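The values are calculated or read from the model by the stated rules, or taken from the named source; none is laboratory data. Computed from a predicted structure; not experimentally measured. As a convention, Cβ positions derive from the backbone with ideal geometry for all residues, glycine included, and neighbour counts pool all protein chains shown. Side chains included, ligands, DNA and RNA excluded: accessible areas come from the protein's heavy atoms. Shrake-Rupley method; radii C 1.70, N 1.55, O 1.52, S 1.80 Å.
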Amino acid sequence: MEYTLLELNNLTNKMSKKIKLGFSIYLSGDLGSGKTTFSRFLIQNLFKSKGKRKPEVTSPTYNIVQYYNVSNKFIIAHYDLYRMKNSIDIDQVGLYELEEKVCSIIEWPKLIKQKNKNRIEINFMYTKFKNKRNVKIKYFGSAKE
């Protein structure tokens, strides 16, 4: 489906009501295609749903991971694996150890060998319109429900 920024925000608002601890959201697409924008909308909608002030969400490209405490019991781990060279690098950032304890949003997941069974895979593609993206979404495991 094609989404404008407003429609993408509406999608993340709906999605924020369904995600749970232990879910992973894999975001793929070219540079600038909307992965970080999607992450920002989703994280901010989660904070809004808890009546909390929306955090500033930036790409964790240089930090690799940024954590957001939505509540005492709900933490988002936002990963950017763009600079990872191989699956051994991924093993060292704690992705698998935290998988069941947080909700992970993972940009550039192509090197992940051991995929979370409860995941949502989203692929962003450019369209001929500057302000729209073609977005394909696949649900796996309990994320299908």
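Of all residue pairs spaced 6 or more apart or on separate chains, those with beta-carbon atoms under 9 Å, a first member in the stretch 43-60 that is of a type in the set (D, E, K, R) and a second member that is buried (at least 16 other Cβ atoms within 10 Å of the Cβ) and not in a helix (DSSP H, G or I) are LYS50/VAL70; LYS52/VAL70.
SER49 passes every criterion in (1) more than 14 Å from the chain's Cα centre (by Cα); (2) crowded, with 20+ Cβ neighbours inside 10 Å apart from (2).
Let's see how each residue does on (1) more than 23 Å from LEU5 (Cα to Cα); (2) modelled with pLDDT under 90; (3) assigned to a loop (DSSP other than H, G, I, E, B):
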{"position": "VAL57", "(1), (2), (3)": "no, no, yes"}
{"position": "ILE76", "(1), (2), (3)": "no, no, no"}
{"position": "MET84", "(1), (2), (3)": "yes, yes, yes"}
{"position": "ILE88", "(1), (2), (3)": "yes, yes, no"}
{"position": "LEU111", "(1), (2), (3)": "yes, yes, yes"}
{"position": "GLN114", "(1), (2), (3)": "yes, yes, yes"}
{"position": "LYS117", "(1), (2), (3)": "yes, no, yes"}
{"position": "ASN123", "(1), (2), (3)": "no, no, no"}
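Candidates are the residues of the stretch 86-111 that are in contact (Cβ under 8 Å) with a residue 24 or more places away in the chain and more than 14 Å from the chain's Cα centre (by Cα); the one that is least open to solvent (accessible area, probe 1.4 Å) is GLY94.
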